[in-house]
Amino acid sequence: MRRRFFRGFSAQIDLKDELYVKNEKERDVLFSVNPFRESRPGLSGEDEEGERPPEWLELAGDLAWTATFSSLTSNTSVTEPSAVWNYAVFFCLTWHLWATQATYDIRYYTNDWWHHLLFACQLGVYAILAALSGSFNVSWQVNPDATAVFKGNATELTGNTMDANQEYLIKKSFRGINVMLFISRMLLFAQYVRVMIYRKRSKQFWSWRFLLTPLAILFAGGIFLGCYIMMKENPKSKTVAITQLILWGVAVLSQAIAGALTPEDEHRVLKSEGAMAPRLTSLTVIILGEGLNAICGTLSSGMNSLGLTKTMVGQSLTMLLILYFIWLLYFDGFKIQYSPSKILEELWLCLHFPLHLSLILVLEGIKNVFIYANVIESFARLTEAFREVMDEFESTQFTKLPEHPRLETLLQVLQMSWQQERVEIQAAMDADWANPTGDFVKFNSQIWKWWGTVVHSVILLYNDQKTDPEAEYKFYQFKYSNDTALAADLTGEGPPVLAGFYDIYFSQMDYTGHWIVAVSGTLIMCMAILNTVQRRPRNRFAWGYSLSRFIIGATLIILGGVTSQWVHKDSWTIWILPTIAIGYGAGVIVDRSILFFSVRSIRNTESLSRANFTYSSVEKGDYDSAAGVDLAQLSHLPYGQERPHRPDSASAGMYAQEPMGSSASLYIAGGEEEKLHQESSDHLSYKP
């Protein structure tokens, strides 16, 4: 055994080892391969085995794109309107890079060094875009208040330096993003130029519209280059900033229109047999996974905080239910791999942009609402424990603060101790007793300072220690205010001090609650539109799926508009996530109900068709139970799973809709069509 093992060091390749031989040949790739099938004598296109882009390419590209956008979500919290616009614009720019590259890959990708090298370049583009996303802000010069730097009590010179640094970072971000978008378009344009060369050689250039996509990509690249020049020459102009946003939209839209107008290649002409549906499915799964990862981090922080309550457990389960319902509504629906229409395919692809954007905002929103609900619940527990302390303190005639094990346990998570605070508050109270005025200034001041520190610590605990410069400056002012100001703030007799930082943080946390319900409705409405475009409903059950989701989405949008100002009500805050879960759950239940009745209708129709066919054949005397052919079996032609032939003329063959009982058109592999007439005397029969 040992000799046989070492004998392989000098052995020649055995051609019987087919797996090894095949793998080595596949790895030995050329620099460039023709993406079109070559016509060979005696062989038709149907005889050649199709190819598809390797799974590692699709997965790596999707993950690289997701990492690019995740860098923005990790650096930017959705706490104000400008953050939402940053999400939407940056997502649009990066998503269109992914969509145009994926559209190319599923049609023209070949396993050669040309595509390997360009794929490495695309990864570099994604990496640099991720690095530039930290300072991305579309409000630059458009809304100066959204990009203003908080200076606090900094000197004028220091303030000018802070403004200059902000301007430098934003300008660098815009310039770098425009350059990367230009490079990405040029790389994709080079790939299409290569395809055009091979198309000419393979005699597949039968329409000038094949030039639309590469020309649109070249046009978009020119726009991005022009935006870079504008931002370099006059970065402080409001007109330039607005023009740049408009030109970005023109560049993205022009490529989408060109993709829809580009004709489809003839059947079995391309070697690649990839499809867009699996790519979109994979991307949706990755987005859901990123959202789940962020939610799990929030759940971990919640479990390590002041302890779990029934409300926190309920909110956690509700978040997971929302994710599960989203998964069911998107993936457990009508499935089609290839669209019979090029325009419908491009429309279906573009409609995934609002769906994916809504999905990302929903995932970010439910995480923020969960954090906000937990902060409110934590304050309620701390307030209840402190009220028990004050009640017991009152029972002692305000002479001695009691110990409170439960409050001590809650404060330990905040790295605070009630025992230590009790000593300091008692000392302040003793000083007030020694004061002849007896106004308890020091006691009230110490209590209020301690409570403000608790509030600040709880907020940072649930926000992963993310701070706001202005809020922290206000907290610093609160913490070092004199006793008189703090005591007056507690009794309401002076200007608010604690509310300075408290209001800022809470306005950021409750911002998501204003729109999360409406965006959740937008998500399910996008699913309804996608379902209609993909399914092309032809019966009441197919329409039922789309209409039910549309109605639920519209209901959530209306409900979100009505309740957008209820976020300041603690009773409504804990019902935001359950409301979304109830809406999505209703969608799932309606889907399953329609499915039940749809399947029952199909089975009843099948049973009736078999009974009518048997009765008709027996009456005519043509039915042979041993050799007869059941025509019902011929009705189950594959729909949406084979690549259709999509010529410019009206569709026919397996996509033509003809009334039952007249004639049926069957697609033959050789390209011919044979009509089976029910009234013909020549019936299908079995001949040995």
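To the nearest 10, the accessible area of Trp451 is 50 Å² with a 1.4 Å probe. Taking all protein chains into account, the per residue accessible area for region 234-301 stands at 39 Å² (1.4 Å probe).
State which entries of Lys171/Lys367; Lys151/Lys479; Lys151/Lys449; Lys271/Lys342; Lys232/Lys342; Lys310/Lys449 exceed 28 angstrom in Cα-Cα distance in the structure shown. Cα-Cα > 28 Å for Lys171/Lys367; Lys232/Lys342; Lys310/Lys449; rest within.
Once you divide the Cα radius of gyration of region 379-504 by 2.2 N^0.38 Å, the number left is 1.08. A simple spin-label model places the labels of Glu424 and Arg540 7.2 nm from each other, with each point 7 Å out along Cα-to-Cβ.
Enclosing the Cα atoms of region 78-141 in their convex hull gives a volume equal to 94 cubic angstrom per residue. For a modelled paramagnetic label at Thr453, 7 Å from Cα along Cα-to-Cβ, the residues of region 408-436 in reach, with backbone nitrogen under 16 Å, are 408-429. The magnitude of the dipole of region 439-493, with charges of +1 and -1 set on the Cβ of Lys/Arg and Asp/Glu and taken from the Cα centre, is near 160 debye. Listed values for region 173-183 are Karplus-derived 3J(HN,Hα) couplings in whole Hz (6.51 cos²θ - 1.76 cosθ + 1.60, θ = phi - 60°), namely 5, 5, 5, x, 5, 5, 5, 5, 5, 5, 4, and x replaces Gly and Pro. Compute the label zone of Ile582 within region 360-393: residues whose backbone N is under 19 Å from the point 7 Å along Cα-to-Cβ. From region 360-393, the list is 366, 369-370, 373. Protein heavy-atom surface of region 267-307, 1.4 angstrom probe: 57% of the accessible area is carbon and sulfur, with nucleic acids and ligands not counted. Think of region 195-353 as having a plus end and a minus end, set by charges on the Cβ of Lys, Arg, Asp and Glu; of Trp208, Thr281, Ala220, Trp208 sits farthest toward the positive end of this dipole. Here Gln412 and Asp570 are evaluated by their C-beta separation; at R0 = 25 Å the FRET efficiency comes out at 0.50. For region 325-428, the solvent-accessible area works out to 42 Å² per residue, with a probe of 1.4 Å and every protein chain left in place. Cross-link reach is defined here as a Cα-Cα straight distance under 19 Å, omitting same-chain residues fewer than 8 places apart; for Lys16 the lysines meeting it are Lys25. In this structure Leu321 has an accessible area near 80 Å², from a 1.4 Å probe over the protein heavy atoms. Annotation: amide H-H contacts under 5 Å for Ser272 (H modelled 1.01 Å from N, sequence separation of 5 or more, or interchain): Glu51. Length gained on full extension, Asn435 to Ser598: 50.4 nm, using 0.36 nm per residue less the C-alpha separation. The listed peptides 322-332, 514-524, 350-360, ordered by packing as a protection proxy, come out as 514-524, 350-360, 322-332 (highest mean of other Cβ atoms within 10 Å first). Given R₀ = 45 Å, what would the calculated FRET efficiency be for Ala190 paired with Lys22, taking r from the Cβ atoms and rounding to 0.05? According to the calculation, E is roughly 0.90.
Average accessible surface for region 510-587: 41 Å² per residue, computed with a 1.4 Å probe over protein heavy atoms with every protein chain in place.
Centroid-to-centroid, using Cα positions, region 200-273 and region 535-570 are 35 Å apart.
Potential lengthening of the chain between Lys200 and Glu233 amounts to 7.7 nm, from the contour at 0.36 nm per residue minus the alpha-carbon distance.
Kirkwood hydrodynamic radius of region 304-462, from the reciprocal of the average inverse Cα-Cα distance over all distinct pairs: 20.0 Å.
Inverting the pair-averaged 1/r between distinct Cα atoms of region 337-398 gives 16.3 Å as its Kirkwood hydrodynamic radius.
Return the carbon/sulfur percentage of the accessible area of region 159-242, one whole number, probe 1.4 Å, all protein chains in place.
Roughly 65 percent, rounded to a whole number.
Near Val149, no amide H atom lies under 5 Å from its own; only residues 5 or more places off or on other chains count, and H is placed 1.01 Å from N.
Highest mean first, the peptides 227-237, 13-23, 576-586, 385-395 sorted by other C-beta atoms within 10 Å per residue fall in the order 576-586, 227-237, 385-395, 13-23.
The values are calculated or read from the model by the stated rules, or taken from the named source; none is laboratory data. These figures come from a predicted structure and were not determined experimentally. Ideal geometry is used to build each Cβ from the backbone, glycine not excepted, and the neighbour counts take in all protein chains shown. Just so you know, the surface numbers come from the protein's heavy atoms only, side chains and all, with ligands and any DNA or RNA stripped out. Shrake-Rupley method; radii C 1.70, N 1.55, O 1.52, S 1.80 Å.
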